[in-house]
Amino acid sequence: NAGVTQTPKFRVLKTGQSMTLLCAQDMNHEYMYWYRQDPGMGLRLIHYSVGEGTTAKGEVPDGYNVSRLKKQNFLLGLESAAPSQTSVYFCASTEFSGEQFFGPGTRLTVL
Amino acid sequence: AQSVTQPDIHITVSEGASLELRCNYSYGATPYLFWYVQSPGQGLQLLLKYFSGDTLVQGIKGFEAEFKRSQSSFNLRKPSVHWSDAAEYFCAVAPSGAGSYQLTFGKGTKLSVIP
């Protein structure tokens, strides 16, 4: 099993550009999450999903959108990137246990 | 709202010395409790978790943690640190019982190990 994978691993954007980050999991988990990690801030929840076709806002949702069209995939979109969105983004998934499994992260720089 | 406090931003210990990383949480009921470790440039790996029962839990890599309800704490310990333990450690909580299993993380403690 690959576990949780994220695409791409690195990306540089210019202010105003858009992009989509892809998260895929092969563990048949119902719950999926997107976090951002900034120095000294720990991980903060952006959006999450409790099942296929559902999404909900987390702690820092502004400037991001998500979609969960397939159970195994959770997409994070930036419609108009801003320098404040420079961060490392992590995806995670879990079944009904609370223990989350994390992907390797995507490092995004917005110039 | 629940919160997690890791009072120590950075800790340096000598290889072979004991280690304790502190974690305090604020939550109305006993939450699910976790410790994760992150090596540089990597994702997060679960060290151990507490859901209920025995308040002393054993994890991977020789780590253990003790849940103290009276102190709202879940401190991580290791009796003898190895150089490979140098990493950042995150304490996290999730509401117990059925729900969205959202994790709230502390801001992390960076561990440096002196050979």
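Couple of notes before you dig in:
- Checked against (1) assigned to a strand (DSSP E or B); (2) touching an Asp or Glu at 6+ places or on another chain (Cβ under 6 Å), A:Trp34 meets all criteria but (2).
- Considering B:Thr5, B:Thr12, the condition of being within 11 Å of chain A (Cβ to nearest Cβ) and polar (S, T, N, Q) is satisfied by B:Thr5 alone.
- Residue count, segment A:80-111 (criterion: part of a loop (DSSP other than H, G, I, E, B), of a type in the set (Phe, Trp, Tyr) and touching a Cys at 6+ places or on another chain (Cβ under 9 Å)): 0
- Close contacts from segment A:73-98, counting a first residue that is among the acidic types (Asp, Glu) and a second that is part of a strand (DSSP E or B), with Cβ to Cβ under 9 Å and a gap of 6+ residues or different chains, come to A:Glu79/A:Asn65; A:Glu95/A:Tyr31.
- All conditions in (1) outside any loop (DSSP other than H, G, I, E, B); (2) aliphatic (A, V, I, L, M); (3) under 19 Å from B:Val93 (Cα atoms) hold for A:Val66, with the sole exception of (3).
- Qualifying residue in segment B:57-73 (condition: in contact with a Phe, Trp or Tyr (Cβ under 9 Å, 6 or more places away or on another chain), away from every other protein chain (no Cβ under 14 Å), of a type in the set (Val, Ile, Thr) and without any contact (Cβ under 8 Å) to a residue 40 or more places away in the chain): no
- Against the test of being crowded, with 17+ Cβ neighbours inside 10 Å, over 28 Å from B:His10 (Cβ atoms) and out of contact with any Phe, Trp or Tyr (no Cβ under 6 Å at 6 or more places or on another chain), the options A:Leu111, A:Leu69, A:Leu75 yield a single qualifying residue, A:Leu75.
- Among the candidates A:Thr5, A:Thr86, A:Thr15, residue that is closer than 27 Å to B:Lys49 by Cα, out of contact with any Phe, Trp or Tyr (no Cβ under 9 Å at 6 or more places or on another chain), surrounded by fewer than 17 Cβ atoms within 10 Å (Cβ to Cβ) and modelled with pLDDT of 95 or more: A:Thr5
- For the condition among the hydroxyl-bearing types (Ser, Thr, Tyr) and farther than 26 Å from A:Leu45 by Cα, B:Ser80 qualifies.
The values are calculated or read from the model by the stated rules, or taken from the named source; none is laboratory data. For clarity, every value in this text was computed on a predicted model and none was experimentally measured. Because the Cβ atoms are built from the backbone with ideal geometry, glycine has one as well, and the counts that use them run over all protein chains shown.
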